[in-house]
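Shown next, in structure tokens, is the structure this report addresses.
The values are calculated or read from the model by the stated rules, or taken from the named source; none is laboratory data. Computed from a prediction, not measured in an experiment: that's the story for all the values here. For neighbour counting, all protein chains shown are included, and Cβ atoms are generated from backbone atoms with ideal geometry for every residue, glycine included. Surface areas here come from the heavy atoms of the whole protein model, side chains and all, with no ligands, DNA or RNA. Shrake-Rupley method; radii C 1.70, N 1.55, O 1.52, S 1.80 Å.
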Amino acid sequence: MFLVADVLLWKQWHVSFGAIVAATVAWLIFEWSGLPFLSICSDVFLILIVLFFVHSNYAAYRNRQLQTLPELVLSEEMVNNAAASFRVKIKNVLLVAHDITLGKDFRLFFKVVICLWLLSAVGSYCSFITLAYIGTIFSIAFPAFYSKYEEHVNKYRGMIH
């Protein structure tokens, strides 16, 4: 079993390298095709459904038993707990958004305005898929670099801070 920390710190280097290769291939497919993310996802699901349909009909034709799918059981209590947790999270987000729009916390309002402006400026130069790819590469590479050069980073961070 792979832990996320092992992958991010490159202790399982083959999995980390595989994640970078998979992200690069996905990014290249999106960029070269020029199709939106939703179109490619629906095409992939369409192909999968057709393949499963052909497989099941071929198995019936050859008199082979198909594998049964496990039954999904959701208790009412589990659904109610998930809904209550989701409601609390949405309520907190809406309360923070309400405070920001009313100007109760000017510092937070200013941070949100700056972040949205920067996101808009960066978004005008590249697509969402490119930003997601860059974020993926940074999220895989940065923890390993920090772990390796932690003393140097902390020394320079102390000089700046």
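Points worth noting:
- Pair-distance distribution of the chain: all C-alpha pairs, bin width 5 Å, starting at 0; shares per bin in whole percent are 1, 6, 7, 8, 9, 13, 18, 16, 9, 5, 3, 2, 1, 1, 0.
- The stretch between residue 52 and residue 146 holds 29.4 nm of extra length on full extension. This uses 0.36 nm per residue minus the Cα-Cα distance.
- The relative contact order of the chain, computed from alpha carbon pairs under 8 Å that lie at least 6 residues apart in sequence, is 42 percent.
- Efficiency of FRET between residue 110 and residue 15 - r from beta-carbon atoms, R0 35 angstrom, step 0.05: 0.30
- Helices in the chain that qualify as membrane-span-like (whole DSSP H runs, Cα extent of at least 24 Å along the helix axis, mean Kyte-Doolittle hydropathy of 1.6 or higher) are 37-61, 106-123.
- Mean projection area, nm², convex hull over Cα of region 95-161: 6.9 nm²
- Kirkwood-based Rg to Rh ratio, region 56-118, C-alpha trace: 1.48
- Taking label points 7 Å from Cα along the Cα-to-Cβ direction, residue 122 and residue 157 give a separation of 1.9 nm.
- Accessible area (Å², per residue) of the chain, counting only protein heavy atoms and a probe of 1.4 Å: 88 Å²
- Dividing the alpha-carbon radius of gyration of region 1-60 by the rule-of-thumb value 2.2 N^0.38 Å gives 1.60.
- Among 79, 122, 15, the largest mean-square fluctuation in a Gaussian network model of the chain, built with springs joining Cα atoms closer than 10 Å, belongs to 79.
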